[in-house]
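We did not get these values from a lab; they are worked out from the coordinates using the rules stated. Every value quoted in this text rests on a predicted model; they were computed, and no experiment measured them. Positions of Cβ are generated from backbone atoms using ideal geometry, with glycine treated the same way; all protein chains shown enter the neighbour counts.
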Amino acid sequence: MRSGRRPGRALGHRLGRRFGWLWAAYGTSALGTWLAFGAFPLIAVRVLHAGPAEVAALSSAGAAVGAAVAVPLGPWVEFRRKRPVLITMDLARCAALLTIPVAFALGVLTFVQLLLVSVVVAAADITFRAASGAYLKTLLPAGDLLVANARFESTAWTTTIIGPPLGGAAIGFLGPVATVVADAVSYLLSTLGIRAMGGDEARPERGAAPRMRAGDLLDGWRYILADASLRPLFFNTALFNGLVMAAEPLLAVLMLGRLGFAPWQYGLAFAAPSIGGLIGSRLARPLVTRYGQHRVLAATGTLRALWPVGLAFLGPGAGGLLLVMGVELGLIFCCGVFNPVYATYRLERTAPDRAARTLSAWAVTTKASTALLTALWGVLGALLGPRTAIGLAGVLILATPLLLPRRPAAPLAEPEPEPEPEPEPDHA
């Protein structure tokens, strides 16, 4: 028996059993990822005795090459059933990660293997995200997309809060390889959750072109750049995410090196403010209901750009720690509201037959720009000093609101229905 409440108004709005399994699969794999947070650099340093240049290459080159590998996978995913693709990507990540403990046990683990595994995981992650976004668009009605994205966002911040401390404890007791095993198992559990969803999924029609052509690789970027609403948001998120992430290694150098913060203080400075993301994600839908999607997108997109420049004024002691936590809390809260609204806006503005290609192109660009800016800011940090480079990133982030959509988007045109075939003459 249905209640008299309007869909989506209540906090416990139900999105169905199939979404529940998809949500559980997402939460499991996200927790595994955060449990293994920092495991690769630790393995490189402690087991393989890698230097700073190799560790930096592991973080930036792995993501960049993984993004390049994922480029042809977007058009490939578009014309296939999405659930098998999700399962395949989970199994690929699981298998790749499990090669590390096996090689470690046999004494044959190398830095090249770590780099190759990071490439496979990065490419599979991009492909999984593209397929899951396209699948979500067909799984739920448009009115429920914001609720679903807000739940994904709140789950992401929840696992961010609890994952790294648990992973740090596991690394301390069992070593970094153990957390890699936990991450691999989380992808296996995610596979089981996606299989449990059940239901039928129609195979997407390819259209007139029977095979994928070289020009199809750029379809996602063509679609984004041709849309007046998606185009500015695309550049905004790529630049904002890239600059924020580029400053993180320099902040670690500044806090753990020159300012003398203990590792537990560094971890606390980023884990505790994640509660802001959890709160923000729960407020996203009520704010959109009251003020409208475009206003919330513009306001939170602007507010989140004001915080990072404050990290340039970081000092030692308790005052410096409180400054970092305050800046991160404000930044993460704004991102917690912005991210589900932006993800919903992007899905609503993307045609169903272009979703996988568009989301894949978006993720590839974000990964590549983050890797490029991280490498560039590493050079700037060496030349100008970490504090100056962090401040420069913060100043540039202040300009990112100029790239937000300036007016509400027009409704996406629905594709015209195909004409029904004429009935064949009766020869009886």
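Let me know the whole percent of all Cα-Cα pairs from the range 219-293 that are separated by more than 21 Å. Could the numbers behind the result be given before it?
Working: 1587 of 2775 pairs.
Value for the range 219-293 (Cα pairs over 21 Å): 57 percent.
Evaluate 2.2 N^0.38 Å with N set to the residue count of the range 321-416, then give the Cα radius of gyration divided by it.
Its radius of gyration relative to the 2.2 N^0.38 Å reference: 1.41.
What does the net charge come to around M197 if you take all other residues with beta carbon closer than 14 Å to its beta carbon, with K and R at +1 and D and E at -1?
Taking every other residue near M197 into account, the sum is +3.
When N counts the residues of the range 141-207, how does its alpha-carbon radius of gyration compare numerically with 2.2 N^0.38 Å, as a ratio?
Computed over Cα atoms of the range 141-207, the ratio equals 1.59.
I'd like the projected area of the chain, averaged over all directions, using the convex hull of its alpha carbons. Report it in nm² with one decimal.
The Cα convex hull of the chain, projected and averaged over all directions, gives 25.7 nm².
Find which of Q293, L373, G330 sits farthest along the positive direction of the dipole of the chain, computed with +1 on the beta-carbon of Lys and Arg, -1 on that of Asp and Glu, about the Cα centre.
My answer, from the dipole projection, is G330.
Please give the charge dipole size of the chain, origin at the Cα centre, charges +1 on K and R Cβ atoms and -1 on D and E Cβ atoms. Round to the nearest 20 debye.
Using Cβ point charges on Lys, Arg, Asp and Glu, the chain gives about 1000 debye.
For the chain, take the longest principal axis of its alpha carbons; what is the angle in degrees between that and the long axis of helix 17-35, to the nearest 10 within 0 to 90?
20 degrees
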